[in-house]
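The next block holds one structure in the form of structure tokens; read it before the comments.
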Amino acid sequence: MEITWLGHSCFKIRGKQAAIVTDPYGTDIGYALGKPTANIVTVSHNHKDHNNTADVLGEPRVVSHPGEYEIAGVLIFGLSTPRNAEKDILRGKNTIFVFETEEITLCHLGNLDAPLSDSQIEEIGKVDVLMIPVGGNYTLKPAEAAALVRRLDPRIVLPMHYKSPYLTNDDLEPVDNFLREYGVSDLAPLPKISFNKNNLPPVTQVTLLEAQPGK
């Protein structure tokens, strides 16, 4: 399995059975999405920097609501997380997506902006790869994100939705604030990460990915 980060909350997850694109963004946020190809596209909430499904090629199946799905051999579970009324109006409700494929469980937290309850943690279950927003303001603050990583205890953590020189929106905090809260430093960004069920790290490992828009 191979994961590249296309920027913001958008990842391309390429497995043996299917390719998944999460939260594709529009053309005006600073990153350039390009025309990625996928079998599945997930949309965590209906906002222009997360719902640009039109630019994903391959006639993908779009999943944008809570529920259980099986597409191209991938099991998908969508869990809605509550937001206050103002945020629902401005940005739409948030949906966490959990993917099970190749005996690996991946979780994309979308625009999660509050700590999860014990029951929500239980619903999500065991997580191997966690894609978590860390930039605050619209989403989890760095300290909240670090605390949630410890509760979910994944093998691989991929930070997302943080301040970047590419973004036109500068309201987010840099990823270094999250890294400091979690207690790691001196991480060199990688262009991609590849793994399988047999070589996942034995303890939680934070991995920074260098944005690869247009891939």
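The values are calculated or read from the model by the stated rules, or taken from the named source; none is laboratory data. Note that the structure is a prediction, hence the values are computed from the model and not measured. Cβ atoms come from the backbone with ideal geometry, glycine included; neighbour counts cover every protein chain shown. These accessible areas exclude ligands, DNA and RNA; they are computed on the full protein's heavy atoms, side chains included. Shrake-Rupley method; radii C 1.70, N 1.55, O 1.52, S 1.80 Å.
Computed over the chain, relative contact order equals 20 percent, with contacts defined as Cα pairs under 8 Å that lie 6+ residues apart. Compared with the alpha-carbon gap, the fully stretched path from Glu100 to Gln120 is longer by 5.5 nm at 0.36 nm per residue. Both radii were evaluated on the Cα set of the stretch 53-173; the Rg over Rh quotient, with Rh as the Kirkwood radius, amounts to 0.96. Phi angles of the stretch 148-158 translate, via the Karplus equation with coefficients 6.51, -1.76, 1.60 and θ = phi - 60°, into HN-Hα couplings of 5, 4, 5, 6, 7, 6, x, 7, 10, 10, 10 Hz per residue; Gly and Pro are given as x. Using a probe of 1.4 angstrom and keeping all protein chains present, the accessible surface of the chain works out to 45 square angstrom per residue.
Once neighbouring chains are kept in place and the probe is 1.4 Å, which whole percent of the accessible area of the chain is contributed by carbon and sulfur?
Numbers: 4670 of 9650 Å².
Its accessible area is 48 percent carbon and sulfur atoms.
Principal semi-axes of the equivalent ellipsoid, √(5λ) from the alpha carbon gyration tensor of the stretch 1-118, are 21, 18, 12 Å from largest down. Working note: Cα gyration tensor of the chain, eigenvalues times five, square-rooted, sorted largest first, giving semi-axes of 21, 20, 19 Å. Listed peptides 123-131, 43-51 appear in the order 43-51, 123-131 once ranked by packing, highest mean of other Cβ atoms within 10 Å at the front.
What the Cβ-Cβ distance of Arg61 and Val203 gives, at R0 = 35 Å and to the nearest 0.05, is a FRET efficiency of 0.50.
Translational diffusion coefficient of the stretch 136-198 at 10 °C, 1.306 mPa s, Stokes-Einstein with Kirkwood Rh over Cα pairs, in µm²/s as a whole number.
The estimated diffusion coefficient comes to 121 µm²/s.
Full extension of the segment from Asp176 to Thr53, taken as 0.36 nm per residue of separation minus the current Cα-Cα distance, would add 41.3 nm. Taking amide H as placed 1.01 Å from N in the peptide plane, Glu173 has its amide H under 5 Å from the amide H of Gly136, Lys163, each at least 5 places away in sequence or on another chain.
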